[in-house]
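All remarks here apply to the structure that follows.
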Amino acid sequence: MAANINEDTQADDASKKVRLPKELTFQDMYNNQDAFDDDDEDDSDWEPVQKHIEILKWFCTNCTMVNLDDVFLCDICGEHKESGILRHGFYASPFSPEVELIQVESEATGSEKEIWSESSALNCSTAVGFDERMLLHSEVEIKSHPHPERPDRLRAIAASLSAAGIFPGKCCPIPAREITLEELQMVHSSEHIEVVELTRQMFSSYFTPDTYANEHSAHAARLAAGLCADLASAIFSGRVRNGFALVRPPGHHAGVTQAMGFCLHNNAAVAALAAQAAGAKKVLIVDWDVHHGNGTQEIFDQNKSVLYISLHRHEGGKFYPGTGSAFEVGTKGAEGYCVNIPWSRGGVGDNDYIFAFQHVVLPIASKFAPDFTIISAGFDAARGDPLGCCDVTPAGYTQMTHMLSTLSGGKLLVVLEGGYNLRSISSSATAVIKVLLGESCECEPENIVPSKAGLLTVLEVLKIQMKYWPNLSSSFEKLQLQRAMYSVEKKHKQVKRRRVFEPPLWWRWGRKQLLFHILTGHFHLK
């Protein structure tokens, strides 16, 4: 009987270990939220009175993670329970209630907070596409955890831009319109468009378990696509120099026939075709969202006039959506016009991204010589994002945007995709818009040292893509030498480490001589 009790106890302990690992990543926490709820367990012996005791919890405004009611700072991101980030953006203090703010020194002076007027529109060079009706797209069904793609994402960015005096102020707005059926049919199938339109008649619906819609979603998706199309046309025609599409729902997972990954219509694809309709012959799309833009790749997989470059977590196909290996290069005559840079692990930071830009993105883009450039700007690779689990900082996004702004005569459109930590997404988006305004024009950094995994990924991509872009061969040979140097340094460190553990010379004399020979491997017992 005692043995059976021990076996049952061990089985219960094993099942709990499987259900709730000791060390959880942000992704695990999202995938295993039920593991934190004790409602499923039968503790009738522990509770002699059958009375349900409700555990009070609150969800962090910044990262949506669950916390107990008596905790005032989020256990995951450190945001205050009564955060003011939705009113003041990332300038609000993360450690205090919303009445206390971090002082914005040079960025939010009175002169920068001028109200938008018609006279300032004439001198505007950067346009921002935003419409509050896109906030109506939200998940109706009440679940145990808030959906990461939520209206607060736009609210936090808009609050940050307002606090910095950027928008309204330095950027001009673009009036929103719904994309037309004819424009959408250039990207999606008629069946897909009809299915999305049917959601106007439904209070709540789902395309996939994580891709929701309500009665306002189709309208929001059409407004987002229309803003992207109009921004692309305005930029290419020269009415504005560049622009930022502050839109949702995101789009780069939406393919020809399906909605998935929080995406309904592919905004970047709509913008690319709008730019071509305005006269652009070649369009570059750089997608730095942490997830591969499988929808955008599918739409332009056989198109030589659109070059698609994506940097994303892949991990051998284990990271969502599983597509985007380095061997996916385009099909049917368009080989080489799809470039995937698939990271093999999480935690990728500024150095790896900028290193990939220097050796892959810019050499290929410069050879392609685009007339128009689009950034699918997901900020879920930013530091602190609960789904991306990477380490890109606002300074990293600033540098990447600056590099791309040198292409296509500065005709650049940034389209918002993912990003689910409000503080990360709002600070990163603000940094990118400052580059568009010309406020941050830092020189390209030199001597960037990537991680070993980042170097191997870049080498793999170069080896595959140099068949289609011969100008990559010199960079490939140079990095091969760098990889060899890494190997030599590693061996040198291993030898040095072994030497550290060698016994001192005085062990060679006296009674320590036998022990010395055994430790150094000079003496073997038979």
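The values are calculated or read from the model by the stated rules, or taken from the named source; none is laboratory data. Model, not experiment: these values are computed from the prediction. For neighbour counting, all protein chains shown are included, and Cβ atoms are generated from backbone atoms with ideal geometry for every residue, glycine included. SASA here: full protein model, heavy atoms, side chains in, ligands and nucleic acids out. Shrake-Rupley method; radii C 1.70, N 1.55, O 1.52, S 1.80 Å.
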Review point. Which far-off residues, 5 or more places away or on another chain, put their amide H under 5 Å from the one on C390, with H placed in the peptide plane?
Key: G347, G384, D385
Point to revise | Per-residue ³J(HN,Hα) for region 138-154, Karplus 6.51 cos²θ - 1.76 cosθ + 1.60, θ = phi - 60°, Hz, x for Gly and Pro | key: 7, 7, 7, 5, 7, 10, 6, 8, x, 6, x, 8, 10, x, 4, 4, 6
**Study point:** Candidate residues C60, C389: accessible-area rank, largest first, probe 1.4 Å
**Key:** C389, C60
Study note, to complete from the structure: Taking only protein heavy atoms and a 1.4 Å probe, the highest-to-lowest accessible-area order of R241, R313, R153 is R241, R313, R153
Review point. Which whole-Hz couplings ³J(HN,Hα) result when phi for each residue of region 306-317 is put into the Karplus expression 6.51 cos²θ - 1.76 cosθ + 1.60, θ = phi - 60°, listed in order with x for Gly and Pro?
Key: 10, 9, 10, 10, 10, 10, 7, 6, 10, 6, x, x
Exercise for review: Could you rank the peptides 76-83, 376-383, 159-166 by their average count of other C-beta atoms within 10 Å per residue, with the highest value first?
Suggested key: 376-383, 159-166, 76-83
Review point. Taking every eigenvalue of the Cα gyration tensor of region 126-468, multiplying by 5 and rooting it, what semi-axes result, largest first, whole Å?
Key: 27, 22, 21
Practice item. Indicate, rounded to the nearest 5 percent, the antiparallel portion of the DSSP beta bridges found entirely in region 126-468. Key: 15
Revision key, fill the gap. Residue separation between R345 and T180 times 0.36 nm, minus their alpha-carbon distance, gives in nm 55.3 nm
Review point. Put a dot 7 Å past each Cα toward the Cβ at F95 and E460; how far apart are the dots in nm?
Key: 4.1
Point to revise | Residues F476 and F203, FRET efficiency given R0 of 45 Å [Cβ-Cβ distance, rounded to 0.05] | key: 0.25
Exercise for review: Would you mind pulling out the separation of the Cα centroids of region 281-347 and region 385-407, in Å?
Suggested key: 17
Review point. For the pair M485 and D210, what calculated FRET efficiency results from E = 1/(1 + (r/R0)^6), where r is the Cβ-Cβ distance and R0 = 35 Å, to the nearest 0.05?
Key: 0.20
Point to revise | Whole-Hz ³J(HN,Hα) from phi, Karplus 6.51 cos²θ - 1.76 cosθ + 1.60, for region 187-196, glycine and proline x | key: 10, 10, 6, 4, 5, 5, 4, 5, 5, 5
Review point. Gain in length, R133 to K57, computed as 0.36 nm per residue apart minus the alpha-carbon separation, to one decimal in nm?
Key: 24.3 nm
Check your understanding: Which distance in Å, rounded to a whole number, links the C-alpha centroids of region 152-212 and region 255-269?
Key -> 11
Check your understanding: In nanometres, what is the gap between the two model label sites at E82 and E315, each 7 Å from Cα along Cα-to-Cβ?
Key -> 3.8
Practice item. Go through 407-414, 326-333, 362-369, 274-281 and give me the packing order, highest mean Cβ count within 10 Å leading. Key: 407-414, 274-281, 362-369, 326-333
Check your understanding: Which far-off residues, 5 or more places away or on another chain, put their amide H under 5 Å from the one on F372, with H placed in the peptide plane?
Key -> K282, L284
Practice item. Would you compute the Debye intensity of region 288-351 from its alpha-carbon atoms alone, equal scatterers and no solvent, and pass along log10 I(q)/I(0) at q = 0.16, 0.20, 0.24, 0.29 Å⁻¹ to two decimals? Key: -0.47, -0.70, -0.93, -1.22
Check your understanding: Using a 1.4 angstrom probe and counting only protein chains, how large is the accessible area of I174 in Å², to 10?
Key -> 30
Study note, to complete from the structure: Given a Förster distance of 35 Å, the FRET efficiency implied by the Cβ-Cβ spacing of I142 and D70, rounded to the nearest 0.05, works out to 0.90
Practice item. Collect residues whose amide H, placed 1.01 Å from N in the peptide plane, falls under 5 Å from the amide H of V339; neighbours closer than 5 in sequence don't count. Key: Y308, I309, S310
